[in-house]
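The values are calculated or read from the model by the stated rules, or taken from the named source; none is laboratory data. What you are looking at is a predicted structure, and each value in this text was computed from that prediction instead of being measured. Just the protein is used for accessible areas: all its heavy atoms, side chains included, with ligands, DNA and RNA removed. Shrake-Rupley method; radii C 1.70, N 1.55, O 1.52, S 1.80 Å.
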Amino acid sequence: MAAPSGGVNCEEFAEFQELLKVMRTIDDRIVHELNTTVPTASFAGKIDASQTCKQLYESLMEAHASRDRVIKNCIAQTSSVVKQLREEREKNLDDLTLLKQLRKEQTKDSSTIFTVPCVHDDCFSPVLHTCSVISQQWALQ
């Protein structure tokens, strides 16, 4: 799934996490996608499995790139806010509200990084394995 065409609201962390969850749908359903789009040997003549594998792989690459852009953009935005709050905090050490806001933003910043596990290998491994097995099977026929 591609990133939304409009800007992503990084300030609302729950909204941002929900967007990432939606963008991970293709990762979560990759085995199902493989089973429903890549033909078995008995359907080899009816569907071009190489093309199907290529399209699935490209779709996955696009989804990962889109998600990475959104994450990096939000990390940059949050980091900028943290920097600004730190500067304000240095000028006013007694402002507890400012300190709380700074801690909240710092937590959001680190949570963003750790919320998105590296699913790249987990997602691409089944695609590469299935598509290479199919290529080898058909080469033997």
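Table for the structure above
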| read-out | value |
| --- | --- |
| Cα-based radius of gyration of segment 57-105 once divided by 2.2 N^0.38 Å, which approximates compact folds | 1.70 |
| Lysines with Cα under 26 Å of K100, excluding same-chain neighbours fewer than 8 positions away | K72, K83, K91, K108 |
| Nearby lysines by direct alpha-carbon distance to K54 (threshold 23 angstrom, same-chain neighbours under 8 apart not counted) | K46 |
| Solvent exposure ordering (accessible area, 1.4 Å, most first) of K100, K91, K83 | K91, K100, K83 |
| Chain lengthening between D48 and E18 when straightened (0.36 nm per residue, less Cα-Cα) | 7.3 nm |
| Ranking by accessible area, most exposed first, for R24, R69 with a 1.4 Å probe | R69, R24 |
| Solvent-accessible ranking of H64, H129, largest area first, probe 1.4 Å | H129, H64 |
